[in-house]
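Colleague: Before I ask anything, let me first share the structure, which is written out below as structure tokens.
The values are calculated or read from the model by the stated rules, or taken from the named source; none is laboratory data. Owing to the predicted nature of the structure, the values given are computational and were not obtained by experimental measurement. Note that we place each Cβ from the backbone using ideal geometry, even for glycine, and neighbour counts take in every protein chain shown. Quick note on the areas: whole protein, heavy atoms, side chains included, nothing else; ligands and nucleic acids left out. Shrake-Rupley method; radii C 1.70, N 1.55, O 1.52, S 1.80 Å.
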Amino acid sequence: MDILLQQIISGLASGAIYASVALALVMIYNTTGHINFAQGEMAMFSTYIAWALVTAGLPYWLAFVLTVAVSFAGGVLIERVVLRPLHNAPVMAIIVVFIGMLLAFNALAGWIWGFLLKEFPSPARAVATGTPLFGGHDLFILIVTLAELVLLFLFFRHTSLGLAMRAAAQNPASARLVGVRVGWMLALGWGMAAAIGAVAGMLVAPIVFLDPNMMAGILLYAFAAALLGGITSPGGAVAGGLIVGVMENLVGTFVIGNELKLTFALAIVICVLIFKPSGLFGKVMVKRV
Amino acid sequence: MRQGYAAQAMTVAALVAAMFVQTVAAADKKYGPGVTDTEIKIGQTMPYSGPASSLSVSGTAEQAYFAMVNAEGGVNGRKVNLISLDDGYSPPRTVEQTRKLVESDNVLLIFQPLGTAANAAIQKYLNAKGIPHLFVGTGATRFNDPKHFPWTMGWSPNLAAEGKVYARHILASKPDAKIGILWQNDDLGKDYLAGFKEGLGDKAAAMIVREASFETSEPTIDSQILALKSSGADVLFNIATPKAAAQAMRKVHETGWKPVQFVIYSSSSIAAVMQPTGIDKVQGVISATYLKDPNDPAWQNDPATQKWREWMARYNPKGDPRDFLNVYGYTVSQLLVRVLAQCGDDLSRENVMRQVTNLDFDLPMLLPGIRVKTSPTDFRPIKQMQLQRFEGERWVPFGGIVDGG
């Protein structure tokens, strides 16, 4: 019983990590209609920027805010420079660009900062939770991710900019007709996804340590989470992340063994795509995959 | 016209004489492919790109070491030309690049290609062609097999032997231990696990209370640590590469579990593992080593370590002095230089193998008491290790040099 509880809570903690990255994936999908394979590496790169700022002596929260701002600008820049020429290109071409960016960011981070593991600070690490089951940082991830979710919800539902961004993604032609500057909406979407990714990176790094390959394993689980929850739904992405985190722990510990945990994540991806492409919380509510 | 003819005749005569002289000189010298009076060409593959690119630090260090050797006049007057090619940690590319090194660059030997799978992929090819495949960059046990692979030789103590060292220490110091094992599900993990169980002998089944494996692609190993903790184990053998090893030690600390912890040599670097984990969280952890750690204050005034520092500053200034691979690459290159020097002017592939199976000396950055020793039936240059325990900010050796054979 004790081990069951431990595994569930540990699963929620890692699930919160997947959820935070999945949010960035959903963000970019909602605003551009693409799945960005370089999302993880962009987040990793942002985290290095934060690390460099903290190491230079800046307080954590100032570094946090600066990193989010720089990442936002970087995301906008990438869209304007790299992706804008590809607006009418076939999906394959865009995927190739994403994979190229993945490799480029990874190599660049290694070249600039080296490959040694780096410890990344967390403001909540020292916070006592009164139980060995989860640490202060685990709680911190969950709170920040949920806060992001609420902010996103409010932004998309209750601001005209949010509405314009949704319109630009879903029906660019009509949006343009009613005066939405579609190109800039896409760039804004990229900027916001990069900013959310930066937050995710800064949440993840205190747990997995910072190194250029930090996001490799996480991104796959984040895909599983985003697809399970419904790639269009931010709330679904968070729920999906938590479900994947808990399920993989339970299934790995009690059913199939740890060797097949990754296979389990892949199985989720495939099952969702085959049986319910819109996911649990996508446009239509469904029972189960 | 006549004079022109005479001049031509003279030139021909001189050329013939020169050729004759060279043949006479060459009678004392025997050169394999890639060797001239001024150069010894050797080759290797390294994962400069791809998922294991952090390990390519050793390749950079090796090139930097030969740069120093060449600047100081080379080996017996010959410069060592190391052609180091990227294989992206992908065995098919290792094969392709190695073929290129052998068949188009004509190297004398292959030196320190990195990776277990990479070396396994070229082992048969190099042995079939009779090309020295020296000091492979992996501790996997399969590379010590002189009967079937007489051209392949390892370098660092093999993983199974290291596993045995820990097992024997547990048997001697804590015979009633309940052991939990965290192991990486690949060749590395399996080698350690096999050696460790062999070391425990028939007590293995009774002593090991839980094994938990993980994949290198898993983001965290928290779930495995929790499962191991709840098994009631009081000893934890942490078989993991640096990232997972650091995560495991930190998680153990955070859950309030206090087992006796063992961590494998390649994850014992102070700078790459212990410091990121948190010095306060790794007190009392046990490991084994064979190289000096220049970040260890114990070697602050050691002349060999100071020489290493000078080399780092001058020839490898971009390298991180805290990365143990810079000591590793330095020392294994030193070993090759000793072998080439021992070959004298007979630089045929056969003689390289003759010399390499007949070594007995120590190297400056090996721990005192550890020797490089090989014979025609023993292809393990280093077999001894030193157990050490993490105390304060450094590794403190205990119990003397042990043989992992």
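Colleague: Under 17 Å from the Cα of B:Lys258, which aspartates and glutamates turn up, not counting those fewer than eight places away in the same chain?
Modeller: Hits, sequence-local ones excluded: B:Asp176, B:Asp222, B:Asp234, B:Asp280, B:Glu391.
Colleague: Tell me the net charge near B:Lys164. Cut-off is 10 Å between Cβ atoms, B:Lys164 excluded, with +1 for each Lys or Arg and -1 for each Asp or Glu. Walk me through the numbers on the way to the answer.
Modeller: Values: positive: B:Arg168, B:Lys197; negative: B:Glu162, B:Glu198, B:Asp403.
For residues surrounding B:Lys164, the net value is -1.
Colleague: Right, next: For helix B:242-254, report the angle its Cα long axis makes with the longest principal axis of the Cα atoms of chain B; keep it between 0 and 90° and round to the nearest 10°.
Modeller: Once rounded, the angle reads 20 degrees.
Colleague: Go through the stretch B:223-236 residue by residue and turn each phi into a ³J(HN,Hα) via Karplus (6.51, -1.76, 1.60, θ = phi - 60°); whole Hz please, and just put x for glycine and proline.
Modeller: 4, 5, 5, 5, 5, 5, 4, 6, 6, x, 5, 10, 10, 10
Colleague: Taking chain A as a Gaussian network, Cα atoms linked when under 10 Å apart, which of A:Leu53, A:Leu23, A:Leu203 shows the biggest mean-square fluctuation?
Modeller: A:Leu53
Colleague: Same structure again: Compare the peptides B:199-209, B:113-123, A:237-247 by average per-residue count of other Cβ atoms within 10 angstrom and give them in order, highest first.
Modeller: Numbers: B:199-209: 15.3, B:113-123: 22.6, A:237-247: 25.6.
Ranked by mean Cβ neighbours within 10 Å, highest first: A:237-247, B:113-123, B:199-209.
Colleague: Would you grab the residues whose amide H sits under 5 Å from the one on B:Ile83? Only those 5+ places off in sequence or on another chain, please, with H modelled 1.01 Å from N.
Modeller: Long-range HN contacts for B:Ile83: B:Ile42, B:Gly43, B:Gln44.
Colleague: Taking only Cα atoms of chain A, what ratio of Rg to Rh do you get with Rh as the Kirkwood inverse-distance radius? Display every interim value, and only then the final one.
Modeller: Working: Rg = 18.7 Å, Rh = 19.4 Å.
Taking Rg over the Kirkwood Rh, I get 0.96.
Colleague: Give me Rg/Rg_expected for the protein assembly as shown, where Rg uses Cα atoms only and Rg_expected = 2.2 N^0.38 Å with N residues. Don't jump to the answer; show the numbers that get you there.
Modeller: Details: Rg = 29.0 Å, N = 694, 2.2 N^0.38 = 26.4 Å.
The value comes to 1.10.
Colleague: Given Cβ point charges of +1 (Lys, Arg) and -1 (Asp, Glu) and nothing else, what value in debye, to the nearest 20, does the dipole of the stretch B:313-389 about its Cα centre take? Walk me through the intermediate numbers first.
Modeller: Working: 11 positive and 8 negative charges, 64 e Å.
For the stretch B:313-389, the charge dipole is close to 300 debye.
Colleague: Could you tell me which residue out of B:Leu171, B:Ile264, B:Ile239 lies farthest along the dipole of chain B toward its positive end? Charges go on the beta carbon: Lys and Arg +1, Asp and Glu -1, centred on the Cα centre.
Modeller: The one lying farthest along the dipole's positive direction is B:Leu171.
Colleague: In debye to the nearest 20, how big a dipole does the stretch A:2-213 give about its Cα centre with +1 on each Lys and Arg Cβ and -1 on each Asp and Glu Cβ? Before the final figure, lay out the partial values.
Modeller: Values: 8 positive and 7 negative charges, 147 e Å.
That gives a dipole near 700 debye.
Colleague: Something else about it: Show which aspartates and glutamates lie in cross-link reach of B:Lys229 when reach means a straight Cα distance below 13 angstrom and same-chain residues fewer than eight apart are skipped.
Modeller: A:Asp2, B:Glu211, B:Glu254
Colleague: What is the antiparallel percent of DSSP beta bridges lying wholly in chain B, to the nearest 5? Kindly include the intermediate steps, with their values, before the conclusion.
Modeller: Values: 17 of 49 bridges.
For chain B, the DSSP antiparallel bridge percentage is about 35.
Colleague: Treating cross-link reach as a plain straight distance, find the lysines whose alpha-carbon is under 21 Å from the alpha-carbon of B:Lys292, omitting any fewer than eight places away in the same chain.
Modeller: Of all the lysines, those that pass the test against B:Lys292 - Cα under 21 Å, at least 8 places apart if same chain - are B:Lys307, B:Lys318, B:Lys373, B:Lys383.
Colleague: Something else: Summed for both chains, how many Å² of accessible area, to the nearest 100, are buried between A and B with a 1.4 Å probe? Working shown, then result.
Modeller: On the way: alone 13670 and 17700 Å², together 28660 Å².
The contact between B and A buries close to 2700 Å².
Colleague: How much of the accessible area of the stretch A:2-213, probe 1.4 Å, is carbon plus sulfur, in whole percent?
Modeller: Details: 6640 of 8950 Å².
The value for the stretch A:2-213 is 74 percent carbon and sulfur by accessible area.
Colleague: Please compute the per residue accessible area over chain A with all protein chains in place, 1.4 Å probe, rounded to a whole number of Å². Each step should come with its number before you reach the end.
Modeller: Working: 12320 Å² over 289 residues.
I get 43 Å² per residue for this part.
Colleague: Using Cα-Cα distances under 8 Å and only pairs 6 or more residues apart, what relative contact order does chain B have, in percent?
Modeller: Working: 751 pairs, mean separation 65.2, N = 405.
The value is 16 percent.
Colleague: Further question on the same structure: For the stretch B:276-405, what's the radius of gyration and Dmax over Cα atoms, in angstrom?
Modeller: Using the Cα atoms of the stretch B:276-405, the pair Rg, Dmax is 16.7, 54 Å.
Colleague: Mean separation of Cα pairs under 8 Å and 6+ residues apart, divided by the residue count of the stretch B:74-227: what relative contact order is that in percent? It would help to have the intermediate numbers written out before the result.
Modeller: Numbers: 211 pairs, mean separation 23.6, N = 154.
RCO, the stretch B:74-227: 15 percent.
Colleague: Please compute the Kirkwood hydrodynamic radius of the stretch B:142-278 from all pairs of different C-alpha atoms, in Å with one decimal.
Modeller: Numbers: mean 1/r = 0.0648 Å⁻¹.
That comes to 15.4 Å for the stretch B:142-278.
Colleague: If you average 1/r across every pair of different Cα atoms in chain B and take the reciprocal, what Kirkwood value do you get, in Å?
Modeller: Details: mean 1/r = 0.0440 Å⁻¹.
With all distinct Cα pairs of chain B included, I get 22.7 Å.
Colleague: Output the residues of the stretch B:183-222 meeting this criterion: accessible area (heavy atoms, 1.4 Å probe) in the chain alone minus accessible area with all protein chains in place is 20 Å² or greater.
Modeller: Output list: B:Arg210, B:Ser213, B:Glu215, B:Ser217, B:Glu218, B:Pro219, B:Thr220, B:Asp222.
Colleague: What does the average come to when, for each residue of peptide A:261-269, you count the partner chain Cβ atoms lying within 10 Å of its Cβ?
Modeller: Working: counts 7, 6, 1, 0, 2, 0, 0, 0, 0.
Taking all residues of A:261-269 together, the mean is 2.
Colleague: If you take every residue apart from B:Tyr65 with its C-beta less than 15 Å away from the C-beta of B:Tyr65, what net charge results, scoring Lys and Arg +1 and Asp and Glu -1?
Modeller: Values: positive: B:Lys79, B:Lys307, B:Arg309, B:Arg314, B:Lys318, B:Arg338; negative: B:Glu62, B:Glu72, B:Glu310, B:Asp323.
Taking every Cβ under 15 Å from that of B:Tyr65, the sum is +2.
Colleague: If you don't mind, there's one more thing I want to ask. Given contacts defined as C-alpha pairs under 8 Å and at least six residues apart, what's the relative contact order of the stretch A:2-213, whole-number percent?
Modeller: On the way: 250 pairs, mean separation 92.4, N = 212.
Relative contact order comes out at 44 percent.
Colleague: With chain A treated as a Gaussian network of Cα nodes joined by springs under 10 Å, which of A:Phe254, A:Phe134, A:Phe264 yields the largest mean-square fluctuation?
Modeller: Looking only at A:Phe254, A:Phe134, A:Phe264, the biggest GNM fluctuation is shown by A:Phe254.
Colleague: Take every residue in peptide A:4-13, count the Cβ atoms of other chains within 10 Å of its Cβ, and give the average of those counts.
Modeller: Values: counts 0, 1, 8, 5, 0, 2, 9, 2, 0, 3.
The per-residue average across the peptide is 3.
Colleague: Now a separate question. For chain A, set up a GNM with springs between Cα atoms under 10 Å and report which of A:Leu102, A:Leu220, A:Leu177 has the largest fluctuation.
Modeller: Largest GNM mean-square fluctuation: A:Leu177.
Colleague: Here's another thing I want to ask about it. Roughly how many debye, to the nearest 20, is the charge dipole of the protein assembly as shown about its Cα centre, given +1 on each Lys and Arg Cβ, -1 on each Asp and Glu Cβ, and no other charges?
Modeller: The calculation lands at about 1000 debye.
Colleague: Further question on the same structure: How well do other chains shield peptide A:206-212, expressed as the mean number of their Cβ atoms within 10 Å of each residue Cβ?
Modeller: Details: counts 1, 6, 8, 9, 1, 5, 3.
For this peptide, the per-residue mean of nearby foreign Cβ atoms is 5.
Colleague: Ratio of alpha-carbon Rg to the 2.2 N^0.38 Å globular estimate for the stretch B:230-290, to two decimals, please. Kindly include the intermediate steps, with their values, before the conclusion.
Modeller: Values: Rg = 10.6 Å, N = 61, 2.2 N^0.38 = 10.5 Å.
This ratio for the stretch B:230-290 stands at 1.01.
Colleague: In chain A, which helices (entire DSSP H runs) extend 30 Å or more along their own long axis, judged by Cα positions, while averaging at least -1.0 on the Kyte-Doolittle scale? Numbers along the way, then the final one.
Modeller: Working: long enough: A:2-32 (45 Å, 1.28); A:91-113 (33 Å, 2.28); A:136-158 (32 Å, 1.65); A:182-208 (38 Å, 1.86).
Length and hydropathy pass: A:2-32, A:91-113, A:136-158, A:182-208.
Colleague: Right, next: Does anyone have the angle between helix B:116-129 and the longest principal axis of chain B? Alpha-carbon axes, 0 to 90°, nearest 10?
Modeller: 30 degrees
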